[in-house]
Amino acid sequence: MGGNALKHVKCIRINKFEYNNIKNDILSKLKDLLNINALRDLPDKESFGDLDLIYTNNSINNVLQLVISIFNPIEIEINGNVLSFSYVLNVNDYFQIDLIKVKNYDMANFYMSYGDIGNILGRIIKKQNLTFGHEGMWLNYKNNKIILLDNPKEICDFLELDYNKWEYGFNDMFDIFNWIINCKYFNKNIFNISKLNSTYRHRLITRPMFLEFYKYIENIEFKEKEYKIITDEEYINMFNKNKELDEINKYKNIEKLYQNKFSGLIFLEYIDKKKINIYKDEFIKYISKNNNFDEWLSTNDQEYINKTIKSFIDVFNF
C-alpha cells in the first residue's frame, strides 16, 4: 500500500484506463483461486501508484506460491499481512500490486475503500472513546479490546450515516465529504489543525484526501451538535458485551492469581534465575496431569503451593 514497497524495479504511476485493465487481469487470474477483490477507488482519481486487493482464508505462503506460478514477478516483498509484487508494463517499467490479507472481508473493504474515508471516520469515532479500523469498531477497556461492531451497515447505523449511499457509490471526493459530515458525531473542532498530533500532521502532508477534507470544512459553518458522552460501561451494556467483560475479568483474576500465588520469587529460593521459566512450565505440566492448574492454584493455600513446588524441584532436575 502506498506504492513504495518495491525497491529494485522501476514502478511508475499509470492512468485509470491502464489501471482498470491491470485490475481486470489480476482478478481474472486469481478470482477462482482466492476470495479476493479490489478496494473501491476514489471516483475522480485519475492516476494510480499501486493496486490494492484484499483476500481472506489463505495463508500468505500459499498466496506467495500462487503469485510466483501465475505472474513470475521480478520482485516480491512481504511486510506483515501485505504481499507486494511487480507487474510488468514494458521492458523497463513495472506497476506495484499489493495483496492484503484480512480477517473480516466486508469490514476491511468498508474501512480501506475510497481513499482515506476510514481514517477520517476513525478520527471522529476516536472522540467517542472508541477505535475504528479494518476489524470493526471497538472499545479499549482497561487495556483490553472489546469489538462492539464488525458489520459496516451496523456501524453506519450507529454513526447515522447512509450505508446505501456508500454501497451505491459516490460521484466525487466532495460527495464523500458531504456524506462524512452528516455523521451524528461529526464536529469541526475535531479537525482543528492546531490540535493535531504528529501522526495526523504527517497525513496532511502525505495524503491528499486528508488535506482536501480539511480545506473543504475550513470555511463551512456547522451547527454545533449536541450528544451525550457515553461511558465505557454504557457502551458495554449498549452493545450487549457483558459476556466479553466477564471473560476479561476472569482472565484478570487468573492473572492476579498467578502473580500472587505462583510468583517466580518462590522458585528463586531454590534454583538459578535463568531456569525459573523452565521450572514453572514443567511444574504446570506436572500438576495438570491430574488437575486443572487454575483450579488447583485457586483452591490451595500459599503454604501448600510452596511445599509442592519445593518437592517438585527436589525430585526433578532440568
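Could you identify which residue out of Leu34, Leu66, Leu257 has the top mean-square fluctuation in a GNM of the chain using Cα springs shorter than 10 Å?
Leu257
Could you point to the label whose value was computed as Cα Rg over 2.2 N^0.38 Å for the structure here, given [x] 1.29; [y] 1.09; [z] 1.34?
[z]
Using θ = phi - 60° and the Karplus form 6.51 cos²θ - 1.76 cosθ + 1.60, what ³J(HN,Hα) does each residue of the range 182-189 get, whole Hz, x for Gly and Pro?
Along the range 182-189, the couplings run 7, 4, 3, 9, 5, 9, 4, 5 Hz.
Suppose R0 equals 30 Å; then what is the FRET efficiency for Lys252 and Ile205 from their Cβ-Cβ distance, rounded to the nearest 0.05?
Efficiency, from the Cβ-Cβ distance: 0.15.
Cα centroid distance between the range 294-318 and the range 219-245, in Å?
The two parts, judged by their Cα centres, are 47 Å apart.
Cα-based Rg (one decimal) and Dmax (whole number) for the range 262-316, in Å?
That works out to 10.6, 29 Å for Rg and Dmax.
For the range 113-239, give the magnitude of the charge dipole about the Cα centre (Cβ charges: +1 Lys/Arg, -1 Asp/Glu; no others), in debye to the nearest 20.
560 debye
Which angle from 0 to 90°, rounded to the nearest 10, does the C-alpha axis of helix 60-71 make with the longest principal axis of the chain?
So the helix axis and the longest Cα principal axis differ by about 30 degrees.
When only DSSP loop residues count, what GluC sites (Glu not before Pro) in the range 115-223 have their Cβ near at most 15 other Cβ atoms within 10 Å?
Glu160, Glu221
Is there a quick way to get the dipole size of the range 170-268? I mean about its Cα centre, with the Cβ of Lys and Arg at +1 and of Asp and Glu at -1; what is the value in debye to the nearest 20?
Here the size comes out at about 340 debye.
Once label points are set 7 Å from the Cα along Cα→Cβ at both Lys195 and Glu226, what is their separation, rounded to one decimal in nm?
1.9 nm
What is the distance in Å between the Cα centres of the range 164-217 and the range 1-74?
Value for the Cα centre distance between the two parts: 26 Å.
Which ³J(HN,Hα) values, rounded to whole Hz and listed in residue order, are derived for the range 14-23 from phi using the Karplus coefficients 6.51, -1.76 and 1.60 in 6.51 cos²θ - 1.76 cosθ + 1.60 with θ = phi - 60°, glycine and proline given as x?
10, 7, 4, 4, 4, 4, 5, 5, 5, 4
Sort Ile220, Ile287, Ile68 so the one with the fewest other Cβ atoms within 10 Å of its own Cβ comes first.
Neighbour counts put them in this order, fewest first: Ile220, Ile68, Ile287.
Placing unit charges on C-beta atoms (Lys and Arg positive, Asp and Glu negative, everything else neutral), compute the dipole magnitude of the range 1-158 about its Cα centre in debye, rounded to 20.
420 debye
Which entries of Lys153/Lys243; Lys195/Lys215; Lys23/Lys153; Lys145/Lys241; Lys142/Lys256 show an alpha-carbon separation above 18 angstrom in the structure shown?
The pairs that break the limit, which is 18 Å between Cα atoms, are Lys153/Lys243; Lys23/Lys153.
Read the figures in this text as sums done on the coordinates, not as results from a lab. Here the structure is a predicted model, which means the values were calculated and not measured. Here Cβ is always computed from backbone atoms with ideal geometry, including for glycine, and neighbour counts include all displayed protein chains.
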